[in-house]
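First the structure, in the form of structure tokens, and then the observations on it.
Please treat every number below as a calculation from the coordinates, not as lab data. Given the structure is predicted, the values throughout are model-derived calculations rather than measurements. Every residue, glycine as well, gets a Cβ built from its backbone with ideal geometry; the counts of neighbours run over all protein chains shown.
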Amino acid sequence: SGFGAAEDVWPYLSGEWSVQHEMQPMPFDGFLFASRVMVAKEAHTSSSVKDLIVAAAGVEDGEWE
């Protein structure tokens with residue numbers, strides 16, 4: 001997801017992200033945390049798939065499209 005901690009989500013939840021671009025605050029309505037939920041202990045995802053998700057390489061912030 002690219003969000004590692006609450007501090008990473010806050011600018012989008014509060015709308016601060018758009019203020020930095022000289023626009024009015026535009027908070028996000030929701031967030032998707034698919035990979036984080038899929039690797040949770042309670043998820044029914046198979047262990048081998050959980051291992052693959054955890055081992056997958058991420059991208060740097062500047063590489064997001």
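Out of the range 1-42, which residues are within 16 Å of VAL54 (Cα to Cα) and not in a loop (DSSP other than H, G, I, E, B)? Correct list: ALA34, SER35, ARG36, VAL37, MET38. With respect to ALA57, determine if the residue is touching a residue at least 12 places away in the same chain (Cβ under 8 Å) and on the phi < 0 side of the Ramachandran plot. No; evaluated as a whole, the condition is false for this residue.
Suppose we filter VAL37, VAL59 for residues that are surrounded by 10 or more Cβ atoms within 10 Å (Cβ to Cβ) and β-branched (Val, Ile, Thr); which single one remains? Matching residue, one of VAL37, VAL59: VAL37.
Filter the range 16-41 down to the residues that are farther than 22 Å from GLU60 by Cα and among the small types (Gly, Ala, Ser) and list them by number. Across the range 16-41, the qualifying residues are GLY30, ALA40. For the range 1-42, a tally of residues being among the β-branched types (Val, Ile, Thr) and within 12 Å of the chain's Cα centre (by Cα) returns 2. When the criteria are applied in full, SER35 fails the requirement of being among the hydroxyl-bearing types (Ser, Thr, Tyr) and farther than 20 Å from GLY4 by Cα.
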